[in-house]
Amino acid sequence: MQFSNENLWASFREALIETSKEISPDVFENAWISNTGRTMFYFENLLPTIAKKMDLTFDTEMGFRIDGVFSKIAGQNTKVPIIYLESENDIRTSEREVNKLCMLNAPLKILMVCNEWNSDSKKLTKEYYWDYIIEDFAEQIGLRGFFAVIISEWNDNLRIYSHVFNEQGEIIEDTLLLEI
């Protein structure tokens, strides 16, 4: 079975929103107390649940030191990566993750970061951390699959945004997904 970029992103987005709505705001608040707590919450609770809803498996740190991999078990029991996922607590150091994800072949690559997401921070992060890398890959060798950045912002409550690039490196989605 081939996975379409659009359908895979839509399925992940729907599972993320659905799963996040099922979780108590207190659980999110406790996870946001520390970078380690937030990362553990992603990889021990949120992402395995999303993978299950998508009928995929979820592993951490599979090959090439990738934080998380959603896979489909193929006909001969090979785990075929469908989604590669990286998580970075400090958006100012996310270039390495963006570069790594651009090098991988999968219909969907996701970077999860924490940062305020207003017009000033959006301009700064896009110009200095993502766009130039994604544009360079698209120009030189092309991108395989969609590249989605999930931005979590915690002020008085949790807001989760998406910023999605297509295979040509064009932004096809930039929206508030959820507010808890």
note = Of the listed residues (SER24, SER20, SER34, SER11), the one being in contact with a strand residue (DSSP E or B) (Cβ under 8 Å, 6 or more places away or on another chain) and among the small types (Gly, Ala, Ser) is SER20
key: Single unsatisfied condition, ILE66 versus (1) touching a residue at least 40 places away in the same chain (Cβ under 8 Å); (2) closer than 30 Å to TYR132 by Cα   = (1)
ask   = All but one of (1) free of Cβ contacts under 8 Å to residues at least 24 places away in the same chain; (2) not in a helix (DSSP H, G or I) hold for LYS123; which doesn't?
value = (2)
Checking TYR84 against (1) among the hydroxyl-bearing types (Ser, Thr, Tyr); (2) within 13 Å of the chain's Cα centre (by Cα); (3) open to solvent by less than 20 Å² (accessible area, probe 1.4 Å), the condition it does not meet = (3)
request  = Considering only region 128-180, give the strands (runs of 3 or more DSSP E) lying wholly within it that have at least 1 residues that are touching a His at 6+ places or on another chain (Cβ under 8 Å) and within 16 Å of LEU46 (Cβ to Cβ).
outcome  = 146-154
task = Considering only residues that are open to solvent by 20 Å² or more (accessible area, probe 1.4 Å) and of a type in the set (Phe, Trp, Tyr), look in region 118-149 and name the one that is nearest to THR60 (Cα to Cα).
result = TYR129
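Is it the case that LYS100 is without any contact (Cβ under 8 Å) to a residue 60 or more places away in the chain, among the basic types (Lys, Arg), open to solvent by less than 80 Å² (accessible area, probe 1.4 Å) and within 19 Å of PHE12 (Cα to Cα)? First the steps, then the outcome.
Values: without any contact (Cβ under 8 Å) to a residue 60 or more places away in the chain: yes; among the basic types (Lys, Arg): yes; open to solvent by less than 80 Å² (accessible area, probe 1.4 Å): yes; within 19 Å of PHE12 (Cα to Cα): no.
In short, no.
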note = Over region 82-100, the set of residues in contact with an Asp or Glu (Cβ under 6 Å, 6 or more places away or on another chain) and more than 16 Å from SER162 (Cα to Cα) is GLU97
ask   = Can you tell which of GLU14, GLU29, GLU18, GLU44 is exposed (fewer than 13 other Cβ atoms within 10 Å of the Cβ) and outside any loop (DSSP other than H, G, I, E, B)?
value = GLU44
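Every residue in region 47-81 that is closer than 30 Å to GLU116 by Cβ and either open to solvent by 50 Å² or more (accessible area, probe 1.4 Å) or in contact with a Cys (Cβ under 7 Å, 6 or more places away or on another chain) (or both), please.
Matches in region 47-81: THR49, LYS53, THR60, GLU61, ARG65.
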task = Take ARG92 and decide whether it is open to solvent by 10 Å² or more (accessible area, probe 1.4 Å), over 24 Å from GLU44 (Cα atoms), in a loop (DSSP other than H, G, I, E, B) and among the basic types (Lys, Arg).
result = no
inquiry  = Show the residue pairs meeting these rules: Cβ distance below 9 Å; 6+ apart or different chains; first residue within region 22-43 and among the polar types (S, T, N, Q); second residue surrounded by 15 or more Cβ atoms within 10 Å (Cβ to Cβ).
reply    = ASN30/PHE41; ASN35/ASN89; ASN35/CYS114; THR36/ASN89; THR39/ALA31; THR39/ASP67; THR39/SER87; THR39/ASN89
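The values are calculated or read from the model by the stated rules, or taken from the named source; none is laboratory data. All of these numbers come straight from a predicted model, not from anything done at the bench. Backbone-built Cβ (ideal geometry, glycine too); neighbour counts: all protein chains shown. The area values use the complete protein model at the heavy-atom level, side chains included, leaving out ligands, DNA and RNA. Shrake-Rupley method; radii C 1.70, N 1.55, O 1.52, S 1.80 Å.
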